[in-house]
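Reviewing the structure listed below.
Every number here is computed from the coordinates shown, using simple stated rules; none is lab data. In this text the structure is predicted, and so the values were computed from the model without any measurement. Every residue, glycine as well, gets a Cβ built from its backbone with ideal geometry; the counts of neighbours run over all protein chains shown.
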Amino acid sequence: MSGLKILQTLPFKAIPTPLLVISGPSGAGKSTLLNRLLINHPQKFGFSVSHTTRPPRPGETNGQHYRFTNRADFESLRAQKDFFIESAEFAGNLYGTSVSAVRNVTDSGRMCVLDIELMGVKQIEGNPYVQSKRVLIKPPDYETLRRRLQKRRTEAPEVVEARLTRALSDLEFAEGSGIYDKAIVNHDIDLAYQELDEYSMSLYQFVNKRDHV
Ligand SMILES: Nc1ncnc2c1ncn2[C@@H]1O[C@H](COP(=O)(O)OP(=O)(O)OP(=O)(O)O)[C@@H](O)[C@H]1O
């Protein structure tokens, strides 16, 4: 486990520990895999709660899954310098990771995990004050992705179609971008989880060993 940026001088907004960034097209299985990681290792990993202007899905709680906000409030937060470490628009909604959401996790000694879309990953990768490892979750194929999104029933059929179109272009871009450290194909959920668990634990152990030398 190497290739992390060396942060030599840490300004106020720097995040001192590496972030584990999970990304991939809608329906690839990011939330399913991440939930398992967080349930299996609650003392080691914590979830960064993003801000979003998207309306809550059934079962989503403000402050736990997202900080739900409106566009005007989001824009005024984004205008504050250093409030977000990344922010992007996806499918007509704004999403952002705040410095304080990350610090809430890292201050408790855990590694912070982000579930963000492609443009956000690019911003994090290019941010000189943030170290990260970036994992791409891929669906096995387009038809499987379509079936999973339809079966989830969290979006209207036209939204599913828009997400599928976007998924294809995102995947094509992601694969040629060179911004990911690891790709996991989510064919069988148990096997995909095993890969994510092994990768995350080796990052966690690498960082903790390094910090205690
Ligand atoms: N390996 C798998 N086999 C079968 N179904 C799966 C698998 N992985 C995930 N699913 C199902 O596919 C659907 C999409 O998964 P999930 O909600 O985790 O995707 P996501 O990447 O977080 O999507 P979004 O970005 O839209 O939130 C869910 O209903 C989930 O239960």
Segments 97-106, 62-71 sorted - mean Cβ within 10 Å per residue, highest first:
97-106, 62-71
Residues whose placed amide H lies under 5 Å from that of Ile22, excluding near-sequence neighbours:
Leu114, Asp115, Ile116, Val135
Give, to the nearest whole percent, the P(r) tail of region 94-198 beyond 15 angstrom, counting all Cα pairs.
71
Taking 1 over the mean of 1/r across every pair of different Cα atoms in region 19-211, what Kirkwood radius in Å do you get?
17.2
Roughly what % antiparallel, to the nearest 5, for the DSSP beta bridges in region 19-211?
30
Relative contact order computed over the chain (Cα-Cα under 8 Å; 6+ residues apart), in percent:
31
In bins 10 Å wide, starting from 0, what share of all Cα pairs of region 79-152 does each bin hold, as a percent?
16, 41, 29, 14, 1
Summing -39500 (n - 2.57) over the DSSP H runs of n ≥ 4 in the chain and dividing by its residue number, what mean residue ellipticity at 222 nm do you reach, to the nearest 500 deg cm²/dmol?
-13500 deg cm²/dmol
Residue by residue through region 123-133, what is 3J(HN,Hα) from phi via Karplus (6.51 cos²θ - 1.76 cosθ + 1.60, θ = phi - 60°)? Round to whole Hz and write x for glycine and proline.
5, 5, 4, x, 7, x, 9, 10, 9, 7, 10
Pairs of Lys in the chain closer than 17 Å at Cα, counting only those 8 or more apart or on different chains
17
